[in-house]
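I have placed the structure first, in the form of structure tokens, so that the comments after it can refer back to it.
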Amino acid sequence: NNQVSKVLKKLQSHYGKFAVLGDKDQNDSSTCSNILTEAGFEVLHNEVRNIYYKEDIIQLIGLENTGDCSGLTNEKSYKIALIHQPDYFKEISQYSIQLQLSGHTLGGYYKIPFIGGIETKDKGKNYVNGKHTKNKTTLLISNGFNKESSENHRFLTRDEVNIITLKR
């Protein structure tokens, strides 16, 4: 745990470091939150943080196990929803949110060309990997890196960390 915190602490940002917990993280939320907090992250639990950039506001909406953003958004800002499970996209795309960032599915573990990831998870069945657009909202799913302890293999689902540059 100490090693993970040390590695994450090396990540630098002018605007803060933010995280949401995944379903497995929530099983031991205090330990996971402590590791992230020690590394300088703020863990968001169904709440919003504003990032001020020049004259603009970017709203980070951190959600756990819900796609309900009612009462959390400001119409005049660029909105990014951080939610572990990608299948909340159907709900998120109804809220005028520009970008949803998710993980959870690990790309479907085994990817078949022209078919995609074939192993799905609860709340990761409709959107397994890649980029999707609906109602002017974009969903970007990261394959993440490594695999779950119960899985021994991945096929054609490479480890992935996404770097996103926002442009006006």
Scope segment 57-79; condition closer than 13 Å to Val20 by Cα and either among the aromatic types (Phe, Trp, Tyr) or surrounded by fewer than 20 Cβ atoms within 10 Å (Cβ to Cβ) (or both); matching residues
Asn65, Thr66
Do any residues in segment 81-104 that are without any contact (Cβ under 8 Å) to a residue 60 or more places away in the chain have Cβ atoms under 6 Å from those of residues that are of a type in the set (Ser, Thr, Tyr) and buried (at least 22 other Cβ atoms within 10 Å of the Cβ), where the two are at least six apart or on different chains, and which pairs are they?
Pro86/Ser102; Pro86/Tyr127; Asp87/Tyr127; Phe89/Tyr127
Could you please find all residues in segment 128-141 being crowded, with 17+ Cβ neighbours inside 10 Å and modelled with pLDDT under 85?
Val128, Asn129
Run Arg49 past the list (1) open to solvent by 50 Å² or more (accessible area, probe 1.4 Å); (2) under 23 Å from Ile163 (Cα atoms); (3) touching a helix residue (DSSP H, G or I) at 6+ places or on another chain (Cβ under 8 Å); (4) not polar (S, T, N, Q) and report the number of the one that doesn't hold.
(3)
For segment 22-36, check the following and say yes or no: at least one residue is farther than 25 Å from Leu106 by Cβ and surrounded by fewer than 17 Cβ atoms within 10 Å (Cβ to Cβ).
no
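The values are calculated or read from the model by the stated rules, or taken from the named source; none is laboratory data. Small disclaimer: the values here were computed from a predicted structure and weren't measured. Note that we place each Cβ from the backbone using ideal geometry, even for glycine, and neighbour counts take in every protein chain shown. Side chains included, ligands, DNA and RNA excluded: accessible areas come from the protein's heavy atoms. Shrake-Rupley method; radii C 1.70, N 1.55, O 1.52, S 1.80 Å.
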